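The values are calculated or read from the model by the stated rules, or taken from the named source; none is laboratory data. Owing to the predicted nature of the structure, the values given are computational and were not obtained by experimental measurement. Backbone-built Cβ (ideal geometry, glycine too); neighbour counts: all protein chains shown.
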């Protein structure tokens, strides 16, 4: 006994035919037969029930078909002989083994089973019927053989059709599996390629190229590539075409707001959108390449609250974007988002590295300028005074003491300037005593060195909850803003204030009562000035994910405000409110 993976249709045909025969025999024989004479019917029913159970479990005996035909012939012969042969009520029972044989072995099986029934028919006529009935028996035998051939022929055609249908189904299934394997291979290559590159442009190009392959994974199937595709990414608040297939040069220069049509819906709701009237879309109707298309599918490139843009696919066939293809494009979109995010992070790292180099270079230049403008000139002045004192020792000794006092004052002032410069480069007090002590020390040095009044107003509860990194950035922001005010504001008083706006947001304010300035006029051509005071403020604000705001006007002083979020939610809320 063996178990198979799938059932044979021929078994179910034979079983069904056997049940039909049993039903007809039961009706025919139960009218005038005793209960004992129905015992063969019960036996055949039990046998067919066993075959039904085995067929349901896909189990077959050794020589299963031959055994089934032999049992059918046995019972058919028994019923035929017991019920009077050709003159009996079940003379047709020989059709059962003929049909089952034809089903299993087609023409050959039908003829063999018919031959056996012919032998049974002739034997019954010879032993049980008058001599004159042999002619009728011969005619019946001929009809039986003809039926065997006919049933075999019909079975051959039927089995052939079923076999052809099965082959088509198997071929279709193999093709489906091949297509699925190719699609999985395309997905693997997509994932591998996108994750292997950190080039922003290559990520976009790869996403579009592999999209076409993923949508048409069967290499043996010819197709005309009519897909129009594009990657639209946000630059500021506008969607710009960063990469495209089949877009014209004019199309690639288009800019979209991303607030209407399928683009707006896809971005706002964060889900893919399908349309079959792309030419009526309020934004995409400007794209020349889409005028031959009917359907379009927009996949948002989104992670968390960040929306990078959309993947756009269009095709002339309104039914092109099937469920399977849409699922594939969804997967490509998700993989592209990860790759774009990685590429952007890598680009940000490169830019940050370059910015740090620029900051270090600018710090070096600033130190050189400060040394040249301050201590270097002071030391030169001290050297000149010492040379003057040396000459005065012989020519005017009475004035030497006065010049020595002046030289001493100049040396002390130079020492203070150098100490102030060292303090601003690395305030050790910040590391040892915290932000308040560092700000107060800065205020003291401003008063001592430059005579500038600086007032510190800091909420100690804020400092307790700030990590040292943010405290350092806040100190340098304060020092930069105070230094800018000292140089340009001509202020009598500079205030440094650190306070809560709410439990997730704090604000650093540097106020002065100086001359003020026109913010728009200064920032308009600030890069041409060669000064980096405001640039440093802006870059240091970005380090703590904050927001810089400068409020000033001529004659009304200046208020530099730095809004600092304490949580990611506050940062998102702060930057969305810009």
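List pairs: first in region 367-393 and in the same structural domain as residue 483 (by TED's automatic domain parsing) and farther than 17 Å from residue 450 by Cα, second surrounded by fewer than 17 Cβ atoms within 10 Å (Cβ to Cβ) and at pLDDT below 75, Cβ under 9 Å, 6+ apart or cross-chain?
So the pair list comes out empty.
Is it the case that region 89-100 has a residue that's touching a helix residue (DSSP H, G or I) at 6+ places or on another chain (Cβ under 8 Å), at pLDDT below 85 and farther than 22 Å from residue 22 by Cα?
No, region 89-100 contains no residue that is touching a helix residue (DSSP H, G or I) at 6+ places or on another chain (Cβ under 8 Å), at pLDDT below 85 and farther than 22 Å from residue 22 by Cα.
Determine whether region 156-170 contains at least one residue that is modelled with pLDDT under 75 and either crowded, with 17+ Cβ neighbours inside 10 Å or closer than 30 Å to residue 90 by Cβ (or both).
So the first thing to find is which residues in region 156-170 are modelled with pLDDT under 75, and the list is none.
No; the residues of region 156-170 include none that is modelled with pLDDT under 75 and either crowded, with 17+ Cβ neighbours inside 10 Å or closer than 30 Å to residue 90 by Cβ (or both).
Please find, within region 431-460, the residue that is surrounded by the most Cβ atoms within 10 Å (Cβ to Cβ) out of those that are touching a strand residue (DSSP E or B) at 6+ places or on another chain (Cβ under 8 Å) and without any contact (Cβ under 8 Å) to a residue 24 or more places away in the chain. Walk me through it before giving the result.
So the first thing to find is which residues in region 431-460 are touching a strand residue (DSSP E or B) at 6+ places or on another chain (Cβ under 8 Å), and the list is 435-436, 439-440, 442-443, 446-447, 452-459.
From what's left, without any contact (Cβ under 8 Å) to a residue 24 or more places away in the chain: 440, 447.
On the way: 440: 16, 447: 12.
Filtering first and then ranking leaves 440.
Is there a residue in region 480-499 that is in the same structural domain as residue 536 (by TED's automatic domain parsing), in contact with a helix residue (DSSP H, G or I) (Cβ under 6 Å, 6 or more places away or on another chain) and part of a loop (DSSP other than H, G, I, E, B)?
yes
Within region 114-130, identify whether any single residue is modelled with pLDDT of 85 or more, surrounded by fewer than 18 Cβ atoms within 10 Å (Cβ to Cβ) and either in a helix (DSSP H, G or I) or out of contact with any strand residue (DSSP E or B) (no Cβ under 6 Å at 6 or more places or on another chain) (or both), and answer yes or no.
Yes, region 114-130 contains a residue that is modelled with pLDDT of 85 or more, surrounded by fewer than 18 Cβ atoms within 10 Å (Cβ to Cβ) and either in a helix (DSSP H, G or I) or out of contact with any strand residue (DSSP E or B) (no Cβ under 6 Å at 6 or more places or on another chain) (or both).
State which residue is surrounded by the fewest Cβ atoms within 10 Å (Cβ to Cβ) when the search covers only region 286-296 and only residues that are in contact with a helix residue (DSSP H, G or I) (Cβ under 6 Å, 6 or more places away or on another chain) and outside any loop (DSSP other than H, G, I, E, B).
Of the residues in region 286-296, the ones in contact with a helix residue (DSSP H, G or I) (Cβ under 6 Å, 6 or more places away or on another chain) are 287-290, 293, 296.
After this cut, where a residue has to be outside any loop (DSSP other than H, G, I, E, B) as well, the list is 288-290, 296.
Working: 288: 12, 289: 19, 290: 22, 296: 26.
Among those that are in contact with a helix residue (DSSP H, G or I) (Cβ under 6 Å, 6 or more places away or on another chain) and outside any loop (DSSP other than H, G, I, E, B), it is 288.
If you check every pair at least six apart or on different chains, which have Cβ atoms under 7 Å apart with a residue in region 161-174 that is closer than 24 Å to residue 103 by Cα first and a residue that is outside any helix (DSSP H, G or I) second?
Close Cβ pairs satisfying both conditions: none exist.
Condition check: at pLDDT 90 or above and either within 23 Å of residue 317 (Cβ to Cβ) or not in a loop (DSSP other than H, G, I, E, B) (or both). Does residue 225 satisfy that?
Details: at pLDDT 90 or above: no; either within 23 Å of residue 317 (Cβ to Cβ) or not in a loop (DSSP other than H, G, I, E, B) (or both): yes.
No, not satisfied.
Assess whether residue 79 counts as being surrounded by fewer than 18 Cβ atoms within 10 Å (Cβ to Cβ) and over 19 Å from residue 155 (Cβ atoms).
Values: surrounded by fewer than 18 Cβ atoms within 10 Å (Cβ to Cβ): no; over 19 Å from residue 155 (Cβ atoms): yes.
No; evaluated as a whole, the condition is false for this residue.
Okay, residues lined up against (1) out of contact with any strand residue (DSSP E or B) (no Cβ under 6 Å at 6 or more places or on another chain); (2) at pLDDT below 70; (3) assigned to a helix (DSSP H, G or I):
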residue	(1), (2), (3)
178	yes, no, yes
182	yes, yes, yes
189	yes, yes, yes
198	yes, yes, no
202	yes, no, yes
210	yes, no, yes
213	yes, yes, yes
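Among (1) in contact with a helix residue (DSSP H, G or I) (Cβ under 7 Å, 6 or more places away or on another chain); (2) crowded, with 19+ Cβ neighbours inside 10 Å, where does residue 267 come up short?
That leaves (1) as the condition not met.
Rundown of residues vs (1) under 19 Å from residue 540 (Cβ atoms); (2) modelled with pLDDT of 80 or more; (3) part of a helix (DSSP H, G or I); (4) more than 57 Å from the chain's Cα centre (by Cα), yes/no style:
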residue: 384; (1), (2), (3), (4): no, yes, yes, yes
residue: 411; (1), (2), (3), (4): no, yes, yes, yes
residue: 416; (1), (2), (3), (4): no, no, yes, yes
residue: 448; (1), (2), (3), (4): no, yes, yes, yes
residue: 461; (1), (2), (3), (4): no, yes, yes, no
residue: 471; (1), (2), (3), (4): yes, yes, yes, no
residue: 474; (1), (2), (3), (4): yes, yes, yes, no
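Looking at region 95-110 only, could you name the residues that are surrounded by 23 or more Cβ atoms within 10 Å (Cβ to Cβ) and closer than 22 Å to residue 137 by Cβ?
Within region 95-110, 96, 97, 98, 99, 101, 110 meet the criteria.
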